[in-house]
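So the structure is just underneath, and the comments pick up after that.
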Amino acid sequence: MKNNSNCSEPAKNENDEIKCVTSVFTVFFEDPFWVGILEENYDQKDYMAKHIFGAEPSNSELIQFYIYELEKLKKIKISESKIETKKTSFKKSLNKSKKLQNKKNTGTKSQNLFQRALEEIMDMKKKERKIEEIINKDEKYKKKLEKKLGKKKGH
């Protein structure tokens, strides 16, 4: 179950920026317990909290947790990020949401970060293999030249 909530705090002065809070609460099964992860972005900073449910929570238990317990979770600051608060047209936002839904990375932030790290490692290994292949080709060519020059020419 995922829950997204967006809200904005009105600016007190004309110079103040409008602050936006974006939060995602994801519940998933992590053997042997059901776990809830709260990912929140407030004031251009990312926060994360984790709650272990134990048995599979029903919808009513999730609603009660969301109403009464969610704010009591201890949130850990992950990083600072910039959020663009541009107004976009309805069609553009609809297309963007469709792209996000079709995207491979549908896990939590930590799972996505782990996946990106694995992809970077694979890219580095691929580059290393390419370099080794080029070096081996050069060595092979040099050996071939030596053999060719070593042969006697003429009859």
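The values are calculated or read from the model by the stated rules, or taken from the named source; none is laboratory data. Predicted, not measured: the structure shown is a model, and the values here were computed from it. A quick note on method: Cβ atoms are made from the backbone with ideal geometry, for glycine too, and the neighbour counts reach across all protein chains shown.
Brief remarks on what is shown
Each row is one residue, and each column tells you yes or no for (1) at pLDDT 90 or above; (2) small (Gly, Ala, Ser); (3) touching a helix residue (DSSP H, G or I) at 6+ places or on another chain (Cβ under 6 Å); (4) not in a helix (DSSP H, G or I).
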residue: Lys86; (1), (2), (3), (4): no, no, no, yes
residue: Ser110; (1), (2), (3), (4): no, yes, no, no
residue: Leu118; (1), (2), (3), (4): no, no, no, no
residue: Lys125; (1), (2), (3), (4): yes, no, no, no
residue: Arg129; (1), (2), (3), (4): yes, no, no, no
residue: Asp138; (1), (2), (3), (4): yes, no, no, no
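- Tally, over the range 47-68, of residues that are under 17 Å from Leu113 (Cβ atoms) and either free of Cβ contacts under 8 Å to residues at least 40 places away in the same chain or in the same structural domain as Asn112 (by TED's automatic domain parsing) (or both): 3
- Of all the criteria given as (1) over 17 Å from the mean Cα position of the chain (by Cα); (2) exposed (fewer than 10 other Cβ atoms within 10 Å of the Cβ); (3) among the basic types (Lys, Arg); (4) modelled with pLDDT under 80, the one not satisfied by Lys82 is (1).
- Remark: pairs (first residue in the range 23-37, in the same structural domain as Met48 (by TED's automatic domain parsing); second residue β-branched (Val, Ile, Thr) and outside any strand (DSSP E or B); Cβ separation under 6 Å; 6+ apart in sequence or on different chains) = Thr26/Thr108; Ile37/Thr108.
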